[in-house]
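Worksheet for the structure shown next.
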Amino acid sequence: MFSKKIAILFSGSGSNLKAILEKVHGREFNGVKIECVCAITNNPNALGIQKARAFGIEAVVINHKDFASREEFDVALVKKLGEFSPDLTVLAGFMRILSPVFTNAVKAINLHPSILPLFKGAHAIKESFNSDMQVGGVSVHWVSAELDGGKIIAQRAFEREQGMNLEAWEEKIHEIEHEILPQSIINLLSKKF
Ligand code: GAR
C-alpha cells in the first residue's frame, strides 16, 4: 500500500482542519493511505489547535508576529514543512498572504469561500453575501504567487434562498467546504497513474 503525507495550515476555528482529519486522515483510498503529518498555525489562540490535539496531532505554532517581515515568516514556515516532507500542503482557513518564498517552494492547495475569480481576499463571505449574486460558493485551487489566483481544482455553488441572512449564507459555505476540501485531497492523492 502506498502512503501519502499531508500538512494542514490553519489560522482560526479549524472546522476545515477537523473535516479533513475526520474524513481523510489515516484512511485508505484506492490503495493509498493518507496521513496528516503536521498541522501548523500562525495564531497561538487558534481554536483549531484543540481540534488537532483531539486527533493526536500536536499543532505547531509559528506566530507571524515574531517575524520582522512576511518573507522571514515564510522562511520559517517552509523550513518547518520541510521537516515533515508532505506530498501536499493544505491551506484550510490559513489567513496569511504568502510570498514567493513559500509559493515557489511548496506544493499547496487553498480553500476559498467564493466562486473564484470573484471575491478574492480575506472577506469573501461577507462580500459575496452583500453582492447581487444569486449564487454563492466555494473554490479549491492551487496556491500560486497571485493571491487566490492559482488554477482551480474544484468548485461548488449554491443558490441564494429568499430571505437568507449572513449566518445562513456562511453556514451553507462551511457545509460545502467540509465536503469539497477533503474530497479534493482524496482526488489529488489517490488518483491512479
Ligand atoms: C473558511 O471559510 C475558509 O474558506 C476561509 O476561512 C474559513 C476558515 O474556517 N478562508 C479564507 O477566507 C482564505 N482567504 P475554519 O477555520 O473553520 O476552517
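The values are calculated or read from the model by the stated rules, or taken from the named source; none is laboratory data. In this text, all values refer to a predicted model and were calculated from it rather than measured experimentally. Heads up, the Cβs are rebuilt from the backbone with ideal geometry, glycines too, and the neighbour counts pull from every protein chain shown. What goes into the accessible areas is simple: the full protein's heavy atoms, side chains included, and nothing from ligands, DNA or RNA. Shrake-Rupley method; radii C 1.70, N 1.55, O 1.52, S 1.80 Å.
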Counting only residues that are buried (at least 20 other Cβ atoms within 10 Å of the Cβ) and within 12 Å of the ligand (Cβ to nearest atom), region 83-107 contains a total of 6
Residue check for A7: open to solvent by less than 30 Å² (accessible area, probe 1.4 Å) and in contact (Cβ under 8 Å) with a residue 40 or more places away in the chain: yes
Check A52 against each of (1) more than 30 Å from E161 (Cα to Cα); (2) within 15 Å of the ligand (Cβ to nearest atom); (3) open to solvent by 60 Å² or more (accessible area, probe 1.4 Å); (4) among the aliphatic types (A, V, I, L, M) and name the one condition it does not meet. (3)
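Every residue, every condition in (1) surrounded by fewer than 18 Cβ atoms within 10 Å (Cβ to Cβ); (2) away from the ligand (no atom under 16 Å from the Cβ); (3) more than 19 Å from L181 (Cα to Cα); (4) modelled with pLDDT of 95 or more, yes or no:
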site	(1), (2), (3), (4)
G26	yes, yes, no, yes
E58	yes, yes, yes, no
A68	yes, yes, yes, yes
I109	no, no, no, yes
S131	yes, no, yes, yes
V143	no, no, no, yes
Neighbours by Cβ (under 9 Å, 6+ apart or cross-chain): first from region 112-124, more than 8 Å from the ligand (Cβ to nearest atom); second among the β-branched types (V, I, T): S114/I125; S114/V138; S114/I173; I115/V135; I115/V138; L116/I152; P117/I152; F119/I125
